[in-house]
Amino acid sequence: MKKALLLAAALAVTTSASAAGKLEIFSWWSGDEGPALEALIKLYKQKYPSVTVDNATVSGGAGTNAKAVLKTRMLGGTPPDSFQAHAGQELIGTWVVAGRMEDLSSLFKSEGWDKVFPKDLVKLISQGGKPWSVPVNVHRSNVMWYNPAKLKAWGVTAPKTWPEFLKTCSTLKAKGVAAPLVVGENWTQQHLWESVMIGTLGSANWENLWAGKLKFTDPKVVAGFTTFGKVMDCANKDASGLSWQQASDRIIDGTSAFNVMGDWAAGYFTTTKKLAPNTGFGWAPAPGTTKTFVMLADSFGLPKGAKDRAEALNWLKVLGSKAGQDAFNPLKGSIAARTDSDLSKYNTYSKSAAADWKSNKIVGSMVHGAVAPESFTSAFGAIIDQFVASKNSAAAAAAAQQLAVRAGISK
Ligand code: GAL
């Protein structure tokens, strides 16, 4: 009897502890980027109804603002319970090497995740044979978006190479399209640079660049910068004031013909703008990158010292689950990181991305943290700004090489 009472008391403590439970999730998915995360939180709340979720967001595409706030909090000893980071060098090279994250090996084991996430993705989130975050998705960075009706009216098609793009650009200019290409603020220009570079160098050389086997000062890379400069000559002049969503809007309203952006743009077109794939918006691999899938993944980790550790672990379980990934990704424009997701829940765009993810050559994105550490990515923006102003390819390549040496990428 006494034992039963003790057990009841213990249970009451557990329940009241979780009744008072809290969970703070930190990300940059606010506003138009919010619905997918909200769907995931809804699922979490169904499982853990008594936990109060603080959906802490710092807006700004690609996490440019959020990462700065995160840094202050991590260094100040007040980490969020779980935060968004990119799978790969961004998290590994920053918070994992600094010893600020918890090893998630036992979670991966209990959830059987070694078997449901692709091996290469597990490798990307691991260091020293241990996983340090849970990937919720796979995004594709090298996509060129357009408005099918507009391209038809202009009599052009999506170009397959960058030289062909430059020709199409001239054709469109002659037809009165002032800015055939739309770009936005600095990180979206870095995003474009990545696609131009891969489309010019090829995927093997791109890998060599991040493995320290190809120098930024190599003539091939210098030529890539020159092509990027010509491509930028085709773009709008008010880029620095535009968010990625505002740039996407210019495709839909027909101000510009093309935009190179990650497939969160598909999420924006379908979830926010309610447009249908193939009619409301069209897509093609960025020029020169057919059969290459430039990947990135949003991943959540558990910082050491998280105030609500048990709740954070449950959050990670939900976002790594099949139900979690299939609630999140159809709204986000990404595909599930898991290999067992239910494709019938995804639209035509995502189905095509899922097919390419299986059959294409996979390389990692720099600007979204897969192949380069944060120390490189955060400083590369200034090189791009300077290049766009000067168009001096040799100077930009030399500055990038110096940065690669400082970031430990190259010798
Ligand atoms: C990426 C992120 C995506 C999306 C995008 C725009 O870095 O991985 O999920 O949020 O930025 O903000």
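The values are calculated or read from the model by the stated rules, or taken from the named source; none is laboratory data. This is a predicted model, so every value here is computed, not measured. Every residue, glycine among them, receives a Cβ derived from its backbone with ideal geometry; neighbour counts consider all protein chains shown.
Of all the residues that make up segment 42-94, how many are of a type in the set (G, A, S) and in contact with an Asp or Glu (Cβ under 7 Å, 6 or more places away or on another chain)?
2
Looking at the structure I just gave you, is K213 out of contact with any Lys or Arg (no Cβ under 7 Å at 6 or more places or on another chain), surrounded by fewer than 17 Cβ atoms within 10 Å (Cβ to Cβ), basic (K, R) and not in a loop (DSSP other than H, G, I, E, B)?
no
Filter segment 355-371 down to the residues that are more than 15 Å from G93 (Cβ to Cβ) and touching a helix residue (DSSP H, G or I) at 6+ places or on another chain (Cβ under 8 Å) and list them by number.
K361, I362, V363
What are the pairs with Cβ atoms under 6 angstrom where one residue, in segment 33-62, is part of a helix (DSSP H, G or I) and more than 13 Å from the ligand (Cβ to nearest atom) and the other, located anywhere, is β-branched (V, I, T) and at pLDDT 95 or above? Sequence gap at least six, or different chains.
If the second residue must be β-branched (V, I, T) and at pLDDT 95 or above, the pairs left are I41/V53; L43/V318; Y44/V318.
Please tell me if W95 is buried (at least 17 other Cβ atoms within 10 Å of the Cβ) and under 15 Å from G305 (Cβ atoms).
In short, yes.
Scan segment 233-240 and give yes if some residue there is part of a helix (DSSP H, G or I), under 24 Å from the mean Cα position of the chain (by Cα) and surrounded by fewer than 23 Cβ atoms within 10 Å (Cβ to Cβ), otherwise no.
yes
Quick check, is A223 out of contact with any strand residue (DSSP E or B) (no Cβ under 7 Å at 6 or more places or on another chain), farther than 17 Å from T188 by Cβ and touching a residue at least 40 places away in the same chain (Cβ under 8 Å)?
yes
When segment 314-351 is examined, which residues are found to be within 15 Å of the ligand (Cβ to nearest atom) and not in a loop (DSSP other than H, G, I, E, B)?
Scanning segment 314-351 gives L319, Q325, F328, N329, P330, L331, K332, I335, S350.
Going residue by residue through segment 279-295, is there one that turns out to be charged (D, E, K, R), modelled with pLDDT of 95 or more and within 16 Å of the ligand (Cβ to nearest atom)?
no
Any idea which of (1) assigned to a helix (DSSP H, G or I); (2) within 12 Å of the ligand (Cβ to nearest atom); (3) under 17 Å from S133 (Cβ atoms); (4) not hydroxyl-bearing (S, T, Y) is the one K71 doesn't satisfy?
That leaves (2) as the condition not met.
If a residue has to be in a strand (DSSP E or B) and in contact with a helix residue (DSSP H, G or I) (Cβ under 6 Å, 6 or more places away or on another chain) to count, how many in segment 277-293 make the cut?
Of the residues in that region, 5 qualify.
Regarding K274, is this residue more than 14 Å from the ligand (Cβ to nearest atom), free of Cβ contacts under 8 Å to residues at least 60 places away in the same chain and in a loop (DSSP other than H, G, I, E, B)?
Yes; evaluated as a whole, the condition is true for this residue.
Any idea how many residues of segment 130-162 are within 14 Å of the ligand (Cβ to nearest atom) and either surrounded by fewer than 21 Cβ atoms within 10 Å (Cβ to Cβ) or farther than 30 Å from F300 by Cα (or both)?
0
Go through (1) within 16 Å of the ligand (Cβ to nearest atom); (2) assigned to a loop (DSSP other than H, G, I, E, B); (3) not charged (D, E, K, R) and name the single condition T78 misses.
For T78, the exception is condition (1).
With respect to S299, is the statement that it is within 28 Å of R73 (Cα to Cα), crowded, with 24+ Cβ neighbours inside 10 Å and of a type in the set (S, T, Y) true?
So S299 passes the test.
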